[in-house]
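Just below is one structure, and these are the notes that go with it.
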Amino acid sequence: MTSPKKNVDQAFALAKERYAALGVDVEKALERLAKIPISLHCWQGDDVGGFENAGEGLGAGLAVTGNYPGKARTADELRGDLDEALALIPGTHRLNLHASYAETGGEKVDRDALEPAHFRAWIEWAKAKGMGMDFNPTYFSHPKAADGWTLAHPDKAIRQFWIDHGIACRKIGAAMGEALGTPCVTNVWIPDGMKDATVDRKGPRERLLHALDAMFATPIDPRLNKDAVEGKLFGIGSETYVVGMHEFYLGYAITRKKVFTVDSGHFHPTEVVADKLSSALTYVDEVLMHVSRGVRWDSDHVVLLTDDIELIAQELVRGDYLDRVHIGLDFFDASINRVAAWVIGTRSMIKALLLALLEPIDALRKYEADGDYTSRLAVLEELKSLPFGAVWDHYLQTKDIPVGRAWIDGVKRYEADVLSKRG
């Protein structure tokens, strides 16, 4: 009886031969894959709760469903859960943190007064793991966002509060970038909009434009912090009108030289999000790709290896955009084990990237350039039945990660030993 490791090795050797017959260098693909970081979102572990004093529930178009036991209640618990998830995810990745996850030591610190010191423990944790960090101002779960308006708020004082919050967050992002030696992408998303019939669509957008300009007025070295702006089609409570829609932010990103954020759940369900990447990257230098899975609407389901995710990965690889696109995850499911959700979602994104890297891209481009669409289509179909799973298992094995469903048993043990004791 052969050992599991030998079985994986034998299957991988055969898979390499199959891919090589199509001109694919599997080892080169795996080497490239290992260098692609995915930014894991902290908010999957505690249902977007955060740890600040000012939080008063989600609101502002956000909702989390489910009550699976074991939610992280403290920053230390959340970091412990992330440790467990990262141990089951191949590669070196990043952490995406919201401002509401500040640790103030029990002191009441409002969001316009946040400083890098309130995130020191997160930075030290990331540095110890050799990870970079990304950041987000939190424009929800706050008394001054109770009506769903922030940077486009008609009240100048409230608007200024949120401008100041954004300024503080850019400084925090720069501190993260400096401490960790890799630029922090600080992404701005706001919930502002209208539930029903909207008369003045112009005024709020003019206010948002001026607020953003004020927030970004002081330049920050892009080697430390990169500013990103994220639009949305609609939200809960803003079904009719979203101030910061995609066209608004694409124009802003182009004219102000910002990173343009594309969230796969923030478009109409019939739109092909992958096709937007090459269009946007024609005009902007960089894109932040938030990968989520909408079901009927922007419902932030755990990312799976679906056609939509594969198309995104294919566009990133085929367009040679991997060095210009920052990949992050954005989902929050409280109906299943939260650590497992991180592992499933992140590994699904990595699998999609591996599938794309295993394409014979030079041959496919030549078929297309030569007008040989028959060969192009035939080869694309042949790829679907190649032994991708054997390559994936080998990749896990080289990273000392359990192959197959063994990782689930590990998460279940963690649930029994740690999560179940949280009450």
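The figures follow:
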{"read-out": "Max mean-square fluctuation residue, GNM over the chain, Cα-Cα springs under 10 Å, options THR255, THR182, THR104", "value": "THR255"}
{"read-out": "Amide proton proximity set for GLY132, modelled H, under 5 Å, gap of 5+", "value": "LEU95"}
{"read-out": "Label of the coordinate-derived value, Rg and Dmax of the Cα atoms in Å, listed as (i) 23.3, 80; (ii) 20.6, 69; (iii) 22.0, 74", "value": "(iii)"}
{"read-out": "Selected from ALA334, LEU250, LEU151, residue furthest toward positive end of dipole (the chain; charges at beta carbon)", "value": "ALA334"}
{"read-out": "Per-pair calculated FRET efficiency, R0 = 35 Å: THR398 and ILE361 via Cβ, rounded to 0.05", "value": "0.90"}
{"read-out": "Selection of GluC sites (Glu not before Pro), region 196-245, meeting DSSP coil and at most 15 other Cβ within 10 Å", "value": "GLU239"}
{"read-out": "Among ILE167, PRO191, MET289 the positive-end extreme of the charge dipole of the chain (Cβ point charges)", "value": "ILE167"}
{"read-out": "ALA87-SER385 pseudo-label distance in nm [points 7 Å out on the Cα-to-Cβ vector]", "value": "4.1"}
{"read-out": "Charge context of ARG73, other residues only, Cβ under 15 angstrom, K/R +1, D/E -1", "value": "-2"}
{"read-out": "Local electrostatic count at LYS351 - Lys and Arg +1, Asp and Glu -1, tallied over other residues with Cβ under 12 Å", "value": "-1"}
{"read-out": "Phi to ³J(HN,Hα) by Karplus 6.51 cos²θ - 1.76 cosθ + 1.60 over region 282-296, Hz, x for Gly, Pro", "value": "5, 10, 10, 6, 9, 10, 9, 9, 8, 9, 9, 9, x, 10, 6"}
{"read-out": "Check: the chain dipole with +1 on Lys, Arg Cβ and -1 on Asp, Glu Cβ, in debye", "value": "400"}
{"read-out": "Charge sum, other residues only, whose C-beta stays under 12 Å from ALA378's C-beta, Lys/Arg counted +1 and Asp/Glu -1", "value": "-1"}
{"read-out": "Computed lengthening from ASP200 to SER278, 0.36 nm per intervening residue step minus Cα-Cα distance", "value": "24.8 nm"}
{"read-out": "5 angstrom amide H check on SER39, placed H, neighbours 5+ away", "value": "ARG94, ILE327, GLY328, LEU329"}
{"read-out": "5 angstrom amide H check on VAL188, placed H, neighbours 5+ away", "value": "ALA228, VAL229, GLU230"}
{"read-out": "³J(HN,Hα), Karplus 6.51/-1.76/1.60, whole Hz, each residue of region 147-156, x for Gly, Pro", "value": "8, x, 10, 9, 5, 9, 4, x, 7, 4"}
{"read-out": "Cα long-axis angle, helix 4-20 against the chain (0 to 90 degrees, to the nearest 10)", "value": "90"}
{"read-out": "Flagged links, alpha-carbon separation over 26 Å, of LYS28/LYS257; LYS127/LYS232; LYS16/LYS384", "value": "LYS28/LYS257; LYS127/LYS232"}
{"read-out": "Full-stretch length increase - THR374, ASP285 - with 0.36 nm per residue and alpha-carbon distance subtracted", "value": "28.6 nm"}
{"read-out": "Percent antiparallel among DSSP beta bridges (both partners in the chain, rounded to 5)", "value": "15"}
{"read-out": "Positive-end extreme of charge dipole, region 232-309 - chosen from ILE236, THR270, VAL302 (charges on Cβ)", "value": "ILE236"}
{"read-out": "GNM top mover of PRO387, PRO219, PRO269 - the chain, alpha-carbon springs below 10 Å", "value": "PRO219"}
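No lab work stands behind these numbers, since they all come straight from the coordinates. Note that this is a predicted model, so its numbers are computed, not measured. Cβ sites come from the backbone with ideal geometry, for glycine too, and all protein chains shown count toward neighbours.
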